[in-house]
1. What residues of the stretch 74-98 lie in the reach of a label at ASP122, counting those whose backbone N is under 15 Å from a point 7 Å from the Cα along Cα→Cβ?
2. What ³J(HN,Hα) values, in whole Hz, does the Karplus curve 6.51 cos²θ - 1.76 cosθ + 1.60 give for the stretch 77-93 when θ = phi - 60°, with x put for Gly and Pro?
3. Using the alpha carbons of the chain, what is the convex hull volume per residue in cubic angstrom, as a whole number?
4. Counting only helical runs of four or more DSSP H residues, what would the 222 nm mean residue ellipticity of the chain come to if each run contributes -39,500 (n - 2.57) and the total is spread over all its residues?
5. Which whole-Hz ³J(HN,Hα) couplings does the stretch 95-112 yield from phi under the Karplus relation 6.51 cos²θ - 1.76 cosθ + 1.60, θ = phi - 60°, glycine and proline marked x?
6. With springs connecting C-alpha atoms under 10 Å apart, model the chain as a Gaussian network and identify which of VAL111, VAL18, VAL96 has the largest mean-square fluctuation.
7. For the chain, set up a GNM with springs between Cα atoms under 10 Å and report which of LEU100, LEU22, LEU84 has the largest fluctuation.
8. Size of the stretch 77-119 along its principal axes in angstrom, Cα-based, largest extent first?
Amino acid sequence: MSPHRPVMRLVWLFLGCVSVALGVVGAVLPLMPTVPFMLLAAFCFARGHPPFETWLLEHRAFGPHIRGWRERGAITRRGKYAALAGFAGSAVLGIVFLPLPWALLPALVGVVAGSWIWTRPD
């Protein structure tokens, strides 16, 4: 075993915990996503602490989203609508509060990322 392996496991564990914390914050703050942070947490825990990954995979709220993403690259229809609503809100805020040409950047990002999200299976 490499001497760096235990250190990396701690790094992955730490990153997974930070991702869960951000996901929890996203669960209560509007426009901040939850599931992407839980996907990242599962990825990190798979490398740093597999029992936490198992906990996430079996979690009532997050497990189906993580398994759907891993198995089919799927995003639920509700998740797609939420993401598109967030992009639309950001685009409106950009147009209202930013000077041109920066005001168009949130809309551009929303169109590109939203198009990709929409093409994912349900």
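1. Under 15 Å, as judged by backbone N against the label point of ASP122, lie 74-82 of the stretch 74-98.
2. So the Karplus estimates, Gly and Pro as x, are 4, 4, x, 5, 4, 5, 5, 5, 5, x, 5, 5, x, 5, 5, 5, 4 Hz.
3. Taking the convex hull of the Cα positions in the chain, it is 131 Å³ per residue.
4. Computed ellipticity for the chain at 222 nm equals -25000 deg cm²/dmol.
5. These are the phi-based 3J(HN,Hα) values: 5, 6, 10, 10, x, 5, x, 4, 4, 8, 4, x, 5, 4, 4, x, 5, 5 Hz.
6. Comparing VAL111, VAL18, VAL96 in a Gaussian network model of the chain, the most mobile one is VAL96.
7. Its mean-square fluctuation being the largest, the pick is LEU100.
8. 33, 14, 6
Read the figures in this text as sums done on the coordinates, not as results from a lab. Nothing here was measured: the structure is a model prediction, and the numbers come from that model. Virtual Cβ from ideal backbone geometry, glycine too; neighbours counted across all protein chains shown.
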